[in-house]
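The values are calculated or read from the model by the stated rules, or taken from the named source; none is laboratory data. Everything quoted here is computed from the prediction, not taken from an experiment. A quick note on method: Cβ atoms are made from the backbone with ideal geometry, for glycine too, and the neighbour counts reach across all protein chains shown.
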Amino acid sequence: MKKRVVLFVGLTLFLTGCSPLTGGSGGSDSEQKTESLLGAFDQAVEEAKKDSSEAKAKESTATSSSSSTEKASESSAPAVEVPTEPTIDKSSYPFGVSMMDIVNVGTFTKTGMNVPQTIMVSFVTESNGSVALVSNGGRTEYYTAQYRLIPTTTIRVFSANRTDSNDIRTVNVNTEIVIEYLTGTGGAYDAGNFYVFTNSSGTLSLATPNYAGNVMESESDVMLEYLP
């Protein structure tokens, strides 16, 4: 449409420049041609306006249709079921730790030789969780995890902040994390399940098997303590 407008303007200027400056029949013909061209120019402008209006109308219709489709799609989308956390009966599980509290902490750490430096725990549901054990150097092994509450059980742990190898304490637990290594990830740390409890500082502790070993037979049951 812009080309048509430019062409009409160009023709108008050309014919105006070629027309005689004096009166007579030639002048009359020139005026008639100029008026004719101006009329065509006006028509071109009107057509351009019309085309623009039609384009805007189509765009508005398309936008409205798209918006309606999106709203319909949103209304027809199935609701996502949010998993609920198991309720802890403190009369039966006085030392129980909720699944949500474990997820909120998520990462537990410990320094030491031949042990994972970081353990990451995540749950979607009680039976759908994962554990990642990260060693020095970045090697990571992955496990499936299951959260469950168990009758009160007594375990022994090497305190995370111990000052010597004899700093062992006894704690009661009701929360167990059952782990199973994923095929192909090695399973080098596949030595038993974890326990979670609330320590004297009010934070969570994660008890794991003693991956480092090198203890006396009488201490073979003592677990390692990881802190957030």
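Only one of (1) under 26 Å from K90 (Cβ atoms); (2) exposed (fewer than 14 other Cβ atoms within 10 Å of the Cβ); (3) not aromatic (F, W, Y) is not met by M113, so which one is it?
Among (1) under 26 Å from K90 (Cβ atoms); (2) exposed (fewer than 14 other Cβ atoms within 10 Å of the Cβ); (3) not aromatic (F, W, Y), M113 violates only (1).
Quick check: anything in the stretch 168-190 assigned by TED's automatic domain parsing to the domain that holds R156, more than 25 Å from E141 (Cα to Cα), at pLDDT below 95 and out of contact with any helix residue (DSSP H, G or I) (no Cβ under 9 Å at 6 or more places or on another chain)? Break it down into steps so the answer makes sense when it comes.
Let us first name the residues in the stretch 168-190 that are assigned by TED's automatic domain parsing to the domain that holds R156, namely 168-190.
Filter once more, so that each one left must be more than 25 Å from E141 (Cα to Cα): 168-174.
Narrowing further to those that are at pLDDT below 95: 168-169.
Pick out the ones that are also out of contact with any helix residue (DSSP H, G or I) (no Cβ under 9 Å at 6 or more places or on another chain) and you get 169.
There is at least one residue in the stretch 168-190 that is assigned by TED's automatic domain parsing to the domain that holds R156, more than 25 Å from E141 (Cα to Cα), at pLDDT below 95 and out of contact with any helix residue (DSSP H, G or I) (no Cβ under 9 Å at 6 or more places or on another chain).
From the list Y147, Y195, Y143, exactly one residue is touching a residue at least 12 places away in the same chain (Cβ under 8 Å), part of a strand (DSSP E or B), in contact with a helix residue (DSSP H, G or I) (Cβ under 7 Å, 6 or more places away or on another chain) and of a type in the set (S, T, Y). Which is it?
Of the residues listed, the single one that is touching a residue at least 12 places away in the same chain (Cβ under 8 Å), part of a strand (DSSP E or B), in contact with a helix residue (DSSP H, G or I) (Cβ under 7 Å, 6 or more places away or on another chain) and of a type in the set (S, T, Y) is Y147.
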